Amino acid sequence: MLAENPCLHCGACCAHFRVSFYWGESDPGQGGSVPPDQTEDVTGFLRCMKGTNQKRPRCIALDGEIGQNVACRIYAQRPSPCRHFGIVWSRGVVRFSAEGLARCNQARAAWGLPPLHVHPPKHTRPRRRYPRWRVRRPRLA
Ligand code: SF4
Ligand code: SF4
């Protein structure tokens, strides 16, 4: 159990990867919610969060100190890579997809933060290989 969501005291992934997405996500005309002034062009098709397409990335929307206390200023409007990073936080348990956890720990390591040890989502837990069969005793005549 973790008493608090570790992301609130981390933010490493917001300052490690380029956060790029389909340009329509920042186009209100297409129903995009990401504030366009917080984004910049990557290719004609892709935009990214400002500050993340540079040698030492840091998203423009990130508030606070990495590894201390952080917050996303546009949390409700954040782009799809942030929404689908693979983290689920619920009742003191944080779950990642295996790929999400690897990327999370890659970003944390780059910031000198220890790796997270978390539970995989239930559907990735190994299933019983063979169903359990009940063995009936033969009836005695
Ligand atoms: S690197 Fe991992 S723990 Fe840190 S903010 Fe991102 S998802 Fe959360
Ligand atoms: S939009 Fe928010 S969640 Fe996404 S990288 Fe920037 S600060 Fe992090």
Among residues belonging to the range 72-87 that are within 11 Å of ligand 1 (Cβ to nearest atom) and of a type in the set (A, V, I, L, M, F, W, C), point out the one that is nearest to the chain's Cα centre (by Cα). 85
Exactly one condition in (1) within 15 Å of ligand 2 (Cβ to nearest atom); (2) in a strand (DSSP E or B); (3) within 16 Å of residue 5 (Cα to Cα) is false for residue 21; which is it? (3)
Just one listed residue, out of 4, 40, is of a type in the set (D, E, K, R), open to solvent by 30 Å² or more (accessible area, probe 1.4 Å), away from ligand 2 (no atom under 11 Å from the Cβ) and assigned to a loop (DSSP other than H, G, I, E, B), and it is 4
Looking at the range 43-66, which of the residues that are surrounded by fewer than 16 Cβ atoms within 10 Å (Cβ to Cβ) and not in a strand (DSSP E or B) is farthest from the chain's Cα centre (by Cα)? 44
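The values are calculated or read from the model by the stated rules, or taken from the named source; none is laboratory data. In this text, all values refer to a predicted model and were calculated from it rather than measured experimentally. We place every Cβ from the backbone using ideal geometry, glycine too, and count neighbours over all the protein chains shown. Please note that ligands, DNA and RNA were not included when accessible areas were found on the heavy atoms of the full protein model with its side chains. Shrake-Rupley method; radii C 1.70, N 1.55, O 1.52, S 1.80 Å.
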